[in-house]
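The values are calculated or read from the model by the stated rules, or taken from the named source; none is laboratory data. What you see is a predicted model; the values in this text were computed from it and never measured. Neighbour counts run over all protein chains shown; Cβ positions are idealised from the backbone, glycine included. Surface areas here come from the heavy atoms of the whole protein model, side chains and all, with no ligands, DNA or RNA. Shrake-Rupley method; radii C 1.70, N 1.55, O 1.52, S 1.80 Å.
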Amino acid sequence: MSSDVINIDRVLASFDELWAPRVLATVNDWAVKLAKVVGEHVWHAHPETDEVFIVLSGHLDIHWRNASHEVQLVRLGPRDVHVVPRGVEHRPSSAAGAVLMLVEPAATLSTGDFAGPLPSHVAATTGFETG
Ligand code: NI
């Protein structure tokens, strides 16, 4: 048992890297993660889990590809919450930047099943420890 108190603002102040989630807390085998994002992530899916996006601040666009490969756009603003079902291809992006909270199985890889070379601004990670 731990009496540690974790503060979201303190964790956010401790890093600047984009698309590189920090693990805020672990709960059983799940993790609560924080991410700062600007620009485009890569198209990917998570075959093993749904993914919830909780926008703390800023605006996030999520492009989806449905089973017919048609692209749909979901636009999220501050305090909006959206779930991408498991297996659905998606690409998050934010032109002006956003701060996100993610709640997912701790082993979930940020880039899911993406197999190509990653652009340098995107990390493939299950979440970095907070400093
Ligand atoms: Ni994803």
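For the reader, a short list of remarks on this structure follows.
- Within segment 62-89, considering residues that are within 13 Å of the ligand (Cβ to nearest atom) and not β-branched (Val, Ile, Thr), the one most open to solvent (accessible area, probe 1.4 Å): Arg86
- Residue in segment 93-102 that is under 16 Å from Ala124 (Cα atoms) and in contact (Cβ under 8 Å) with a residue 60 or more places away in the chain present: yes
- Of all residues in segment 1-13, exactly one satisfies the criterion of being assigned to a loop (DSSP other than H, G, I, E, B) and either acidic (Asp, Glu) or open to solvent by less than 30 Å² (accessible area, probe 1.4 Å) (or both), namely Asp4.
- Selection of segment 33-61 for residues being among the small types (Gly, Ala, Ser) and more than 13 Å from the ligand (Cβ to nearest atom) yields Gly39, Ser57, Gly58.
- Unmet requirement for Val83, which otherwise passes all of (1) of a type outside the set (Gly, Ala, Ser); (2) within 22 Å of Val23 (Cβ to Cβ); (3) in contact (Cβ under 8 Å) with a residue 40 or more places away in the chain: (3)
- Selection over segment 14-28 of residues that are part of a loop (DSSP other than H, G, I, E, B) and either exposed (fewer than 15 other Cβ atoms within 10 Å of the Cβ) or hydroxyl-bearing (Ser, Thr, Tyr) (or both) gives a count of 4.
- Segment 90-117, residues that are open to solvent by less than 60 Å² (accessible area, probe 1.4 Å) and either of a type in the set (Phe, Trp, Tyr) or within 11 Å of the ligand (Cβ to nearest atom) (or both): His90, Arg91, Pro92, Leu100, Leu102, Glu104, Thr108, Ser110, Thr111, Gly112
- The condition of being open to solvent by less than 20 Å² (accessible area, probe 1.4 Å) and in contact with a Lys or Arg (Cβ under 9 Å, 6 or more places away or on another chain) holds for only one of Ala31, Ala45, that being Ala45.
- Scanning segment 27-57 for residues that are within 12 Å of Phe128 (Cα to Cα) and not basic (Lys, Arg) yields Ala31, Val32, Leu34, Ala35.
- Breaking point among (1) within 22 Å of Trp30 (Cβ to Cβ); (2) open to solvent by 40 Å² or more (accessible area, probe 1.4 Å), for Ser120: (1)
- Test: Gly127 is open to solvent by less than 40 Å² (accessible area, probe 1.4 Å), on the phi > 0 side of the Ramachandran plot and more than 11 Å from the ligand (Cβ to nearest atom): yes
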